[in-house]
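*Asks:* There's a structure below that I have some questions on.
The values are calculated or read from the model by the stated rules, or taken from the named source; none is laboratory data. Quick caveat, the model's predicted, so the values are computed rather than measured. Methodologically, a virtual Cβ is constructed for each residue, glycine included, from the backbone with ideal geometry; neighbour enumeration extends over all protein chains shown. The accessibility values were calculated without ligands, DNA or RNA, using every heavy atom of the protein model including side chains. Shrake-Rupley method; radii C 1.70, N 1.55, O 1.52, S 1.80 Å.
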Amino acid sequence: MIVFGGIILRSMFAHIFVGFLLCMSIPAASAKVRHYRWTVTYELKAPDCYTKGVITINGRSPGPTIRAQQGDTIVVELKNGLMTENTAIHWHGIRQIGTPWSDGTEGITQCPILPGDTFVYKFVVDRPGTYIYHAHYGMQRSSGLYGSIQVSLPDGVQEPFAYDYDRSIILNDWWHRSAQELAAGLSAIKFVWVGEPQSILINGRGWYDCSLSANSACNNTDPQCSPSVITVVPGKTYRLRISSVSSLSAFNFEIEGHNMTIIEADGHYVEPFVVKNLNIYSGETYSVLVVADQDPSKNYWAAVNVVSRPTKNLRGLAIFNYYPTHPRLLPTAAPPAGPLWNDTKYRLNQSLEIKSHRNFTIPPPLSTEKLITLLNTQNKIEGRFRWAVNNVSFVLPHTPYLIALKHNLRHVFSQEAPPESYSVGKYDIFSKAENPNATESEALYKLEFNSTVDIVLQNANTMTANNSETHPWHLHGHDFWVLGFGEGVFDLAKDIGNLNLVDPIMKNTVPVHPYGWTAIRFVADNPGVWAFHCHIESHFYMGMGIVFESGVDRVGRLPRSIYGCGESARLRKP
Ligand code: C2O
Ligand code: CU
């Protein structure tokens, strides 16, 4: 192990990361402990003019932004004040090296936090960049339990680009029905789909036309739903940190009359490139640079259009305001319409363009030790609609894996090895999914500690003819190299030669485009149990995910606070 400034960096990084660490290492003196006291409660709020119960942190949704410096320790004392619901919070993009029990994934790394209980999350933010946090219990994320994390560089270290100011933009989609109601519909025999959201929120604000609902809970003059304002000073350069915690929608972000330069993705520097608009999928974070170089006597729209799903008049709008023009002065032009919602090629091309910054590339291992192909399909299991991966639909165990593995409780989840491939060539990804033989399971994928793993995510047609969706897949505990995207069926012989081993970007979330495939590589160098799932909340709820286990024998003593549910209840006493 190498010890830098009180942070233990495990030796597994050593083989490729030594050079990188030496220039990125954290001066011992600067690491701080940042303490937060949060209470989670339901509050009646009208973020899009329609009043409903919103899950808040200290009364706010989005919750407070965590601002820290690389190497700092974050301590969040989280009190569950929900009265009738459990909760848990995941720190999305933070790898939790040495603290796998703080990942916040209920059923995987911890028991849920009971009403009235306080749970302490403690972890190190070991890399600079833009991250998010959100509920990882049921479908609470879509009720408003989310926020931003910004990790700055150590003192004296410069970003590889210049800007004057920093602004955060967090995007979400919003339903008027409660998350419990949405979830009940998804698990009913008489399936009720959540449907398209009622509005898109930008920094927690959206706008729903109340004339459509005739409901007294809706009031278009409520100041809570006046648009978000992003104020800029003419001539200055802004770093916009844009993240999406959407529950369903894929977004396209565009500022009227302004190009953007993409510079960061999921905490990694991008080889800069200029776009008119940015596609952003749930679970992704980007930084873009925008120069306030347009006519400062007016304001401009910042528009969030929905792509990949057909929606009617659904768009999020914020005001890109030039100081000292009045922040409420509405732009006169029509908001940017964004690309066509079904222009898959456009989105695929932007995905392909995102490469690692040439001076910050961490080269991937040139070969892999394991290849897992994961076919994403829609299935019916015992009369219910489910999503499945290689014909297995994921269900959470009642006793969290981390505890079960530590205590050798082998009977609390399926010990069967899940299928690591699907029959290539036999499955027709272009025809309506049938898969009558799909099953449900909580079986784990075991990865040899420190081994290199490739995953090919293969998309397919859903149970609706001529329909294939976009699935943003997110890996907990690791970043992966994005080796490639392709159309149609992944063909090992043909496609392996086209994978990018030179300058792939590292990310924690990546889209799988309709009827396409996405290939990633990572090193299983973080001891723990880690979810890998589609970040669409209802898809994960319906089984679209798997869980990896690796090096659990190296995990230190588990904090007793994660115990209490299932078979772990009797183990709680120290
Ligand atoms: Cu941001 Cu398991 O998710
Ligand atoms: Cu999905």
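*Asks:* Can you give the % of DSSP beta bridges in segment 370-571 that are antiparallel, to the nearest 5?
*Replies:* 75
*Asks:* Enumerate the aspartates and glutamates that LYS122 could reach by cross-link, defined here as Cα to Cα under 14 Å, with residues fewer than 8 away along the same chain left out.
*Replies:* ASP72, GLU77, ASP103
*Asks:* Any chance you could list P(r) for segment 370-571, counting all Cα-Cα pairs in 10 angstrom bins from zero, rounded to whole %?
*Replies:* Going from the shortest bin to the longest, the percentages are 9, 34, 36, 17, 4, 0.
*Asks:* Counting Lys and Arg as +1 and Asp and Glu as -1, each charge on the Cβ, what is the dipole of the chain about the Cα centre in debye, to the nearest 20?
*Replies:* Values: 48 positive and 49 negative charges, 214 e Å.
The dipole magnitude comes to about 1020 debye.
*Asks:* Within 10 Å of each candidate Cβ there may be at most 12 other Cβ atoms; applying that plus a DSSP loop requirement, which trypsin sites (Lys or Arg not before Pro) in segment 508-574 survive?
*Replies:* Within segment 508-574, the qualifying trypsin sites (Lys or Arg not before Pro) (loop, at most 12 other Cβ atoms within 10 Å) are ARG557.
*Asks:* Moving on to the next point. Would you please put 146-157, 367-378 in order of how densely packed they are, using the mean number of other Cβ atoms within 10 angstrom per residue and starting with the highest?
*Replies:* 367-378, 146-157
*Asks:* Dipole size in debye (nearest 20) for segment 504-565 around its Cα centre, Lys and Arg Cβ +1, Asp and Glu Cβ -1?
*Replies:* The calculated dipole for segment 504-565 is roughly 160 debye.
*Asks:* Mind scanning LYS32/LYS507; LYS370/LYS446; LYS45/LYS298; LYS52/LYS190; LYS45/LYS312; LYS355/LYS446 and naming the pairs with a C-alpha gap bigger than 21 Å?
*Replies:* In this structure, LYS32/LYS507; LYS45/LYS298; LYS52/LYS190; LYS45/LYS312; LYS355/LYS446 exceed 21 Å between Cα atoms.
*Asks:* Related question: From the gyration tensor of the Cα coordinates in segment 237-341, what semi-axes in whole Å does the equivalent ellipsoid have, largest first, with each one equal to sqrt(5λ)?
*Replies:* Working: eigenvalues 97, 70, 24 Å².
Taking √(5λ) for each eigenvalue gives 22, 19, 11 Å, largest first.
*Asks:* Can you tell me, using C-alpha contacts under 8 Å and at least 6 residues apart, the relative contact order of segment 370-571 as a whole percent?
*Replies:* Relative contact order for segment 370-571 comes out at 27 percent.
*Asks:* By how many nm would the segment from ALA217 to SER423 grow when fully extended, if each residue of separation counts as 0.36 nm and the alpha-carbon distance is taken off?
*Replies:* Details: separation 206, 0.36 × 206 = 74.16 nm, distance 5.15 nm.
Working it through step by step, the gained length comes to 69.0 nm.
*Asks:* Loop only by DSSP, 10 or fewer other Cβ within 10 Å of the Cβ. Give me the chymotrypsin sites (Phe, Trp or Tyr not before Pro) in segment 243-311 that pass, ordered by residue number.
*Replies:* Filter output for segment 243-311: empty list.
*Asks:* Among bridges DSSP assigns within the chain, what percent are antiparallel (round to 5)?
*Replies:* 75
*Asks:* With point charges of +1 on the Cβ of Lys and Arg and -1 on the Cβ of Asp and Glu, referenced to the Cα centre of segment 370-571, which listed residue (ALA531, THR452, ASN379) lies farthest in the positive direction of the dipole?
*Replies:* ALA531
*Asks:* If packing is taken as the average number of other Cβ atoms within 10 Å across a peptide's residues, how do 446-452, 44-50 rank, most packed first?
*Replies:* 44-50, 446-452
*Asks:* For segment 33-353, what is the convex hull (Cα atoms) projected area averaged across all directions, in square nanometres?
*Replies:* For segment 33-353, averaging the hull's shadow over all directions gives 17.4 nm².
*Asks:* Hey, any idea what Rg/Rh is for segment 34-76, computing Rh the Kirkwood way over Cα pairs?
*Replies:* Using Cα coordinates only, the ratio equals 1.13.
*Asks:* Taking θ = phi - 60°, what integer Hz values does the Karplus form 6.51 cos²θ - 1.76 cosθ + 1.60 yield along segment 39-52, in sequence order, with x for Gly and Pro?
*Replies:* Using θ = phi - 60°, the values come out as 10, 9, 9, 7, 9, 7, 9, 10, x, 10, 5, 9, 7, 8 Hz.
*Asks:* What is segment 94-240 by shape, rounded, prolate or oblate, if you read a ≥ b ≥ c off the alpha carbon gyration tensor as root eigenvalues and call it rounded for a/c under 1.5, prolate for a/b larger than b/c, and oblate otherwise?
*Replies:* Working: a/c = 2.70, a/b = 1.17, b/c = 2.31.
Note, shape of segment 94-240 comes out oblate.
*Asks:* Give the Kirkwood hydrodynamic radius (Å, one decimal) of the chain, defined as one over the mean of 1/r across all pairs of different Cα atoms.
*Replies:* 24.2
*Asks:* For every helix of n ≥ 4 consecutive DSSP H residues, a contribution of -39,500 (n - 2.57) applies; sum these over the chain, divide by its total residues, and give [θ] at 222 nm rounded to the nearest 500 deg cm²/dmol.
*Replies:* Roughly -2000 deg cm²/dmol at 222 nm, from the helical runs in the chain.
*Asks:* Between LEU352 and SER187, what is 0.36 nm times their sequence separation minus the Cα-Cα distance? Round to one decimal in nm.
*Replies:* Full extension from LEU352 to SER187 adds 55.8 nm.
*Asks:* Using θ = phi - 60° and the Karplus relation 6.51 cos²θ - 1.76 cosθ + 1.60, list the HN-Hα couplings for segment 411-420 in order, rounded to whole Hz, with x at every Gly or Pro.
*Replies:* So the J values, rounded to whole Hz, are 8, 8, 8, 4, 9, 5, 7, x, x, 8.
*Asks:* Then there is this: Carbon and sulfur: what percent of the chain's accessible surface (1.4 Å probe)?
*Replies:* Result for the chain: 53 percent of the exposed heavy-atom area is carbon or sulfur.
*Asks:* Apply the Karplus curve 6.51 cos²θ - 1.76 cosθ + 1.60, θ = phi - 60°, to the phi angles in segment 351-368 and return the couplings in whole Hz, x for Gly and Pro.
*Replies:* Once rounded to whole Hz, the list reads 4, 5, 7, 7, 10, 5, 4, 4, 8, 10, 6, 9, x, x, x, 6, 9, 10.
*Asks:* Place the peptides 120-126, 207-213, 324-330, 384-390 in order of packing, highest mean first, counting for every residue the other Cβ atoms within 10 Å and averaging per peptide.
*Replies:* Result, highest mean first: 384-390, 120-126, 207-213, 324-330.
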